[in-house]
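The values are calculated or read from the model by the stated rules, or taken from the named source; none is laboratory data. As the structure is a prediction and not an experimental result, all values here were calculated from the model. Backbone-built Cβ (ideal geometry, glycine too); neighbour counts: all protein chains shown. When the accessible area is computed, the model is the full protein with side chains, heavy atoms only, and any ligands, DNA or RNA have been set aside. Shrake-Rupley method; radii C 1.70, N 1.55, O 1.52, S 1.80 Å.
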Amino acid sequence: MFLLASIVAGIWTYSVSDPSFGVSSDHRKDVVAGGYTEREWLRFQLNEYDEWTESMRETNQTNVVGLHTTLFSLVAGVLCLLLSAVLTLDGSPDEFLYPTLFTTLLVLGIAAVLSVARRKG
């Protein structure tokens with residue numbers, strides 16, 4: 001179920017994304033047709049950058065929730081799959097637990113270092 005949830009969350013995250021790619025073709029056509037002077041176009045473009053930046057910030061905030069949901073579901077699904085494989089093969093849960101715990105702590109440590117480096121950079 002977790003793997004299915006990760007697929008659904010991933011598709012949802014992708015589908016709700018509506019990125020703004022900057023100057024639209026309509027704006028470019030207006031400039032070519034002579035609808036703006038160069039100075040007016042530059043002012044208009046600078047004002048539009050603020051709107052585009054805000055729009056992309058909102059899109060990214062929405063995508064963060066969806067991405068974290070997708071990743072959590074995926075990791076939980078893989079862990080459940082591994083645990084079921086260990087138990088099906090008559091293995092001890094300890095054989096599964098310690099490597100999984102070590103790997104999880106290692107990945108979280110790397111993620112923390114990358115997060116701190118990203119904020120400083």
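Normalised by the number of residues in the chain, what is the relative contact order in percent for Cα pairs under 8 Å and 6+ residues apart?
In percent, rounded to a whole number, it is 38.
Residues of the chain: accessible area per residue at 1.4 Å, in Å²? Walk me through the numbers before you get to the answer.
Working: 9610 Å² over 121 residues.
Solvent-accessible surface per residue comes out at 79 Å².
With the full set of protein chains in place, find how many percent of the accessible area of the chain is carbon and sulfur; take the probe as 1.4 Å.
So the carbon and sulfur contribution to the accessible surface is 67 percent.
Quote the FRET efficiency, to the nearest 0.05, computed for THR88 versus VAL8 with a Förster distance R0 of 25 Å and r equal to the Cβ-Cβ distance.
Values: r = 26 Å, r/R0 = 1.04.
E between THR88 and VAL8, to the nearest 0.05, is 0.45.
Would you list GLU95, GLU54 from the most to the least accessible area, probe 1.4 Å?
Solvent-accessible surface, decreasing: GLU95, GLU54.
I'd like the FRET efficiency for SER115 and ALA76, computed as 1/(1 + (r/R0)^6) with the beta carbon distance as r and R0 of 25 Å, rounded to 0.05.
The pair SER115/ALA76 has a calculated efficiency of 0.75.
Can you give the FRET efficiency for VAL32 and TRP52, using 1/(1 + (r/R0)^6), R0 = 30 Å, r = Cβ-Cβ distance, to the nearest 0.05?
That pair, VAL32 with TRP52, gives E of 0.90.
Any chance you could give the angle, 0 to 90 degrees and rounded to 10, that helix 38-88 forms with the longest Cα principal axis of the chain?
The helix 38-88 is inclined about 10 degrees to the chain.
By accessible area of protein heavy atoms, probe 1.4 Å, what ranking do THR103, THR13 get, highest first? Please list the in-between numbers first.
Values: THR103 75, THR13 20 Å².
Largest to smallest exposure gives the sequence THR103, THR13.
Full extension from PHE21 to TRP41: what is 0.36 nm times the residue separation minus their Cα-Cα distance, to one decimal in nm?
5.5 nm
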